[in-house]
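One structure is given below, encoded as structure tokens.
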Amino acid sequence: MTRGPAAQTPPGQCPQGWQHAHDRRAHRHLGPREDCPQCVDHLRNGCPYIVPKDA
């Protein structure tokens with residue numbers, strides 16, 4: 001699991017999108033200007049899960 005700001009996804013956010021936006025390790029394996037397949041899938045198909053907001 002991640003540590004720091006990406007460790008806990010805030011309500012109303014997608015966990016994968018939040019991690020990929022705030023954790024450098026998520027894209028470390030990519031080359032310069034190489035797209036992340038998971039991020040491209042999210043952009044095309046949307047987020048499969050959003051952390052519920054508190055009522």
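Structure data summary
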| read-out | value |
| --- | --- |
| Sole residue being on the phi > 0 side of the Ramachandran plot, at pLDDT 90 or above and open to solvent by less than 70 Å² (accessible area, probe 1.4 Å), chosen from 46, 4 | 46 |
| Cross-chain or 6+ apart pairs with Cβ under 6 Å, the range 23-45 first and within 19 Å of residue 8 (Cα to Cα), then of a type in the set (Val, Ile, Thr) and surrounded by 10 or more Cβ atoms within 10 Å (Cβ to Cβ) | 23/2 |
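The values are calculated or read from the model by the stated rules, or taken from the named source; none is laboratory data. What you see is a predicted model, and the numbers here were worked out from it, not measured in a lab. Neighbour counts are summed over all protein chains in view; Cβ atoms, including those assigned to glycine, are modelled from backbone coordinates with ideal geometry. Note: areas computed on protein heavy atoms with side chains; ligands, DNA, RNA excluded. Shrake-Rupley method; radii C 1.70, N 1.55, O 1.52, S 1.80 Å.
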